[in-house]
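The values are calculated or read from the model by the stated rules, or taken from the named source; none is laboratory data. The shown structure was predicted, so the numbers you read here are calculated from the model rather than taken from an experiment. Heads up, the Cβs are rebuilt from the backbone with ideal geometry, glycines too, and the neighbour counts pull from every protein chain shown. The accessibility values were calculated without ligands, DNA or RNA, using every heavy atom of the protein model including side chains. Shrake-Rupley method; radii C 1.70, N 1.55, O 1.52, S 1.80 Å.
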Amino acid sequence: MKLIVFTKKDCPQCPNAKAIAKEVAEELGLEYEEIDIEKDLITALQFNVASTPSIAFGEEVLFRGEVPTKEQLKQEILKLMK
Amino acid sequence: MPETFDTEYDHNKEFLTVRTSRNMLESFDRRKIVQSLIKETGISKEIAEEIALEVEETIKKLKLKFISAPLIREIVNVKLLERRLEDARRDYTRLGLPVYDATQIIEKGVRENANLQHNPETIHKLVADWVMKEYALLKALPLHLADAHMRGEIHIHDLEYFVTRPYCFQHDLRWFLKNGLKVDGTGENTAVAGPAKNAEVAILHAAKALAAAQTNFAGGQGLDFFNVWLAPYMAGKTYKEIKQLAQMFIYELSQMYVARGGQVVFSDIDIEYGVPKICQDLPAVLPGGVVKDSITYGDFEEEAIMFARALTEVYLEGDYVGKPFFFPKPNYKLRRECFKKEGFDEFMILVHKVVAKYGSPYFLNLLAGYLPDNVFAQCCRLVLSPDNTDWEDFKNGCMRTGSLQVVTINLPRIAYESNGNDEKLFELLEERMKLAREVIEIKRDIILKRMKQGSLPFLTQDVNGEPYYRVDKVVRSIGFVGLNEMLKAHTGEELHESKDAWRFGLEVIKRMMDIAMEWSEETGQRWVITQTPAESASHRLALLDLKEFNGKAVVQGDVKTGAVYYTNSSHVRVSADVPLFERLRIEGAFHPLCNGGMMAHVWIGESSPNPELLWELTKKIATKTLIGYWAYTKDMTFCRDCKNLSGGIKKSCPNCGSSNVEWYSRVTGYYQRVSGWNDGKRKELFDRKRVNLG
Ligand SMILES: [Zn+2]
């Protein structure tokens, strides 16, 4: 399953969210992907995401329009992996 | 001089007597035809005289004692058409309805508008509606646009009001509290009230402002921040007193049965839990219309919460016989900041008790991340996002907006016409949108003209040098119906049947939004896409398509009886066997694209759902989906004999067994008696897949 970060060009929080998500993906050995919601709005909408930064694991959106801590993100992913 | 027409009647030897449209008997005089033709149609004197002569000949042959002026007019019209003078015919013809239809309206009323009771006021309204609708199609709109509506390519809403009123509006109560109230807009025909000095009067002014405005608008009248702007008036009052005021307001708006020809005001109020951050530092309008910089709305947090609770309790109690209040519709705003406030959870459980009992509340989801801090919800499903100049108005105490006109695009028709060709489909989509745009541009000119002519006096009131109604600041709404059936016809799959169909649906609506945004840039006006509240359009368009595209048309309902309908906007087919959350995720994806308004429905199957579970569901919808506006609909059966109200659609009263019952449900964006629904909508009611929370 993939870890996806939804981003937007001018979003001030996005770099932060991307960094955290990348680290977590590496640690847990997950595939990592970024989706620019302006370039691919429809994919974002199909995830029910319309704000950035948002993070999804597989089909499940874990955080919408907020940056979790590394620990929070890990915790949510592990819950779903069980 | 005319010759004798009927030898038996000597007194008519020389003159044929005409019953004129002014209810007087006049002698037939050909010259009157000539004069009226020249005056009304502008054709030449020669042709007018030629026609008048021919008409006289025709009438002679009929050997009548009396002839009515309307009949002469129709004969003239035939002569005009024989000469291919169609424009002149359009100007010369009469508007009105056949005797048969007038009798039907007088004796039975019509079912087309779910809000109309059969009473003397509505009989007058329906007769007038007929003429005004014909006038709009015949005179106000050019032939190609009128035809596009008649053929069912587009649906022009509220045609009966097309030439007289804009659609809907959201008011700022602070302006009336500060300046008082002129219900006729000028103060010349009615008494003028100064700023309310106490809470009772403030409440009455709020109710009367909406009723007054309704006389100048076709659709919904809303008050945003209702409990916030009134909070200063509640200062020093006990909870019991505040509840009495809440009750007074709700009764006023659900009992003034006087608007738009014998209906209640189509009203709604937005209720906030306390004073939201964006209002806290604004100087408050205090009793007497006084404003002091030192006193802001933030000082009335407690009063705002008490008033919100009081309003909610009144909704929970229902009316004297235990029926729900359908108007004003209460919109509850869900803000992230609310969750941190003490008592919010408890308050929302109270709100969900109302949901469980009556289904009345509506929810505005500011947690979805695409609606700005302040949205306007009004009417059936309008959520109007403000821009910068709106914020200025907001700070200055008179924020106001609305929709000028809604025109709906028949999406399935486009699919039938494009034969599976994507390119053709998008081409036709834009073409239809352009038709809608033309209609709305005509509407703009009409409303500006009416304002100049003084026939919209409530709208031309002065607000700091500007008219109360600013035509170029309100939105132009392009709606759509039947995305689901469009997808079925075009891709072979319904909206919920595959991710690809869903995606293609999103592409269609996104294209609409992109076009609307382009137009906004081009014109400096606000073009928006809206999920049409299509209580009559979904039935009318499905019927037309069934006739026109037989074998190809994809409609819901019963083809044999004609009880057919299209699925509303981008909703999932109501009868589709899809888990609730899946449905909401599919539908929610469309909401950010519908910047002119959206709404989702949750049809409740249980007769007494658990309020705590409902609140949990609300939180889940708010945080996990993009649904921006929704309501839970609980169907109800009301017994006319024993006045018992029970959940669900039942053939007889569970209390006394009587079959003298009335059903209530949401037709689209509001509750109504089911007996007023059209056949398509009734069928839809029975098709709806309802959920049980368990
Ligand atoms: Zn009964």
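What the table shows:
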read-out: Average accessible surface area per residue within the range A:2-81, 1.4 Å rolling probe, Å²; value: 49 Å²
read-out: Computed FRET value (nearest 0.05) for B:GLU342 with B:GLN104, which takes r as the C-beta separation and R₀ as 35 Å; value: 0.05
read-out: Value of Rg to Rh for the range A:2-81 (Rh from inverse mean 1/r over Cα pairs, i.e. Kirkwood); value: 0.93
read-out: Paramagnetic reach from A:GLU66 (point 7 Å along Cα→Cβ, amide N under 20 Å) across the range B:258-282; value: B:273, B:276-278
read-out: Accessible-area composition of the range A:2-81, carbon plus sulfur, in percent [1.4 Å probe]; value: 46 percent
read-out: Listed pairs B:LYS651/B:LYS683; B:LYS197/B:LYS292; B:LYS443/B:LYS473; B:LYS208/B:LYS243; B:LYS208/B:LYS353; B:LYS510/B:LYS620 exceeding 23 Å between Cα atoms; value: B:LYS208/B:LYS353; B:LYS510/B:LYS620
read-out: At q = 0.10, 0.12 Å⁻¹, base-10 log of I(q)/I(0) for chain B (Debye sum, equal scatterers on each alpha carbon); value: -0.99, -1.34
read-out: For B:GLU40, solvent-accessible area (1.4 Å; no DNA, RNA or ligand), Å²; value: 70 Å²
read-out: Relative contact order [Cα under 8 Å, 6+ residues apart], chain B, whole percent; value: 13 percent
read-out: Accessible area per residue, Å², chain B with all protein chains present, probe 1.4 Å; value: 40 Å²
read-out: Estimated D of the range B:210-368 in µm² per second, where Rh is the Kirkwood radius over Cα pairs and Stokes-Einstein applies at 10 °C, 1.306 mPa s; value: 98 µm²/s
read-out: Sorted peptide list for B:97-103, B:320-326, B:350-356, criterion being average Cβ within 10 angstrom, highest first; value: B:350-356, B:320-326, B:97-103
read-out: Calculated FRET efficiency for the pair B:GLU86/B:LYS60, C-beta based, R₀ 25 Å, to 0.05; value: 0.40
read-out: Simple spin-label estimate for B:LYS449 and B:ALA191 in nanometres, 7 Å along Cα-Cβ; value: 3.8 nm
read-out: The range B:169-293: relative contact order as a whole-number percent, Cα under 8 Å and 6+ apart; value: 33 percent
read-out: Proportion of all alpha-carbon pairs of the protein assembly as shown beyond 50 Å (%); value: 21 percent
read-out: Interface A:B - total buried accessible surface [probe 1.4 Å, Å², rounded to 100]; value: 1500 Å²
read-out: Fully extended contour minus Cα-Cα distance, from B:HIS118 to B:ASN550, at 0.36 nm per residue; value: 152.0 nm
read-out: Rounded to 5, the percent of DSSP beta bridges in the protein assembly as shown classed as antiparallel; value: 50 percent
read-out: Residues of the range B:499-520 buried by at least 50 Å² on assembly (accessible area, 1.4 Å probe, chain alone as reference); value: B:LYS499, B:ARG503
read-out: Modelled FRET efficiency - R0 60 Å, B:LEU25 with B:ASN419, Cβ distances, 0.05 increments; value: 0.50
read-out: Long-range HN-HN contacts of B:CYS168 with modeled amide H, under 5 Å; value: B:GLY219, B:SER403
read-out: DSSP-defined beta bridges in chain B - what % are antiparallel, rounded to 5; value: 50 percent
read-out: Eligible lysines near A:LYS70 by straight Cα distance, threshold 19 Å, same-chain separation 8 or greater; value: A:LYS2, A:LYS18, A:LYS22, A:LYS79, A:LYS82
read-out: Residue-span extension gain [B:ASP462 to B:LYS620] - 0.36 nm each, minus C-alpha spacing; value: 52.4 nm
read-out: Taking the range B:610-694 and dividing mean pair separation by its residue count, relative contact order in percent (alpha carbons under 8 Å, at least six apart); value: 20 percent
read-out: 1.4 Å probe, heavy atoms, protein only - residues of the range B:624-671 losing at least 50 Å² accessible area vs chain alone; value: B:LYS624, B:LEU626
read-out: Residue mean of other protein chain beta carbons inside 10 Å, B:590-596; value: 2
read-out: Reach of B:LYS689 by Cα under 14 Å, taken over aspartates and glutamates that are not fewer than 8 positions away in the same chain; value: B:ASP577, B:GLU582, B:GLU606, B:ASP635
